[in-house]
Amino acid sequence: MNHETVRFALFSEVFAALAHPKRLEIIHYLGEGQKNAGELAVLTGMSKANVSQHMNILKARGLVHCDKCGTFCHYRLTSPKVLETCEIVRDLILDQMQLTTQNHEVLSNVVPIRTERES
């Protein structure tokens, strides 16, 4: 594999980790500050075991870090850029939705070329 292929494969792995709604929700809450698995379970409505599974994926991709404190693990984002990336994608989606809405409004005001014949 050449360097470009490896680089794009790594990009793909990070985006795959971000491609789950619950993991995005976890990132949202971690953007507010560090949380433990119990707090994330309550906030997301998931079991601690399910939170743990998602956290393992996010940790493996370098998006979150676990700070051990006794028996607890306090999770935090590894960089503000993780949240910034999610916000950029969110803005992109909102822009696309706005364009779609504007296009729909424009098209709904277009007079049809043909009209039905009156009986």
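Every read-out reported here was derived from the displayed coordinates using simple, explicitly stated rules and does not represent laboratory data. Given the structure is predicted, the values throughout are model-derived calculations rather than measurements. Quick reminder, even Gly has a Cβ in these numbers, built from the backbone with ideal geometry, and neighbours come from all protein chains shown.
Please go through the range 2-15 and give me each residue that is under 12 Å from the mean Cα position of the chain (by Cα) and either touching a residue at least 12 places away in the same chain (Cβ under 8 Å) or not in a helix (DSSP H, G or I) (or both), ordered by number. Reasoning before the result, please.
If we filter the range 2-15 for residues that are under 12 Å from the mean Cα position of the chain (by Cα), which is where we start, we get 14-15.
If the condition is that a residue be under 12 Å from the mean Cα position of the chain (by Cα) and either touching a residue at least 12 places away in the same chain (Cβ under 8 Å) or not in a helix (DSSP H, G or I) (or both), then VAL14 is the only one that fits.
Taking the range 62-91 on its own, how many of its residues are out of contact with any Asp or Glu (no Cβ under 9 Å at 6 or more places or on another chain) and over 16 Å from ILE27 (Cβ atoms)?
So the answer is 6.
Considering the range 20-35 alone, what residues qualify as being over 15 Å from HIS65 (Cα atoms) and within 8 Å of the chain's Cα centre (by Cα)?
Of everything in the range 20-35, those that are over 15 Å from HIS65 (Cα atoms) and within 8 Å of the chain's Cα centre (by Cα) turn out to be HIS20, PRO21, LEU24, GLU25.
Give me the helices (runs of 4 or more DSSP H) completely within the range 16-119, filtered to those with at least 2 residues that are basic (Lys, Arg) and surrounded by fewer than 13 Cβ atoms within 10 Å (Cβ to Cβ), ordered by residue number.
Counting at least 2 such residues, we get 80-108.
Output the residues belonging to the range 93-112 that are within 30 Å of ALA19 (Cα to Cα) and of a type in the set (A, V, I, L, M, F, W, C).
ILE93, LEU94, MET97, LEU99
Conditions first: (1) within 23 Å of the chain's Cα centre (by Cα); (2) more than 30 Å from VAL51 (Cβ to Cβ). GLU105 passes all but one, so which condition is the exception?
(1)
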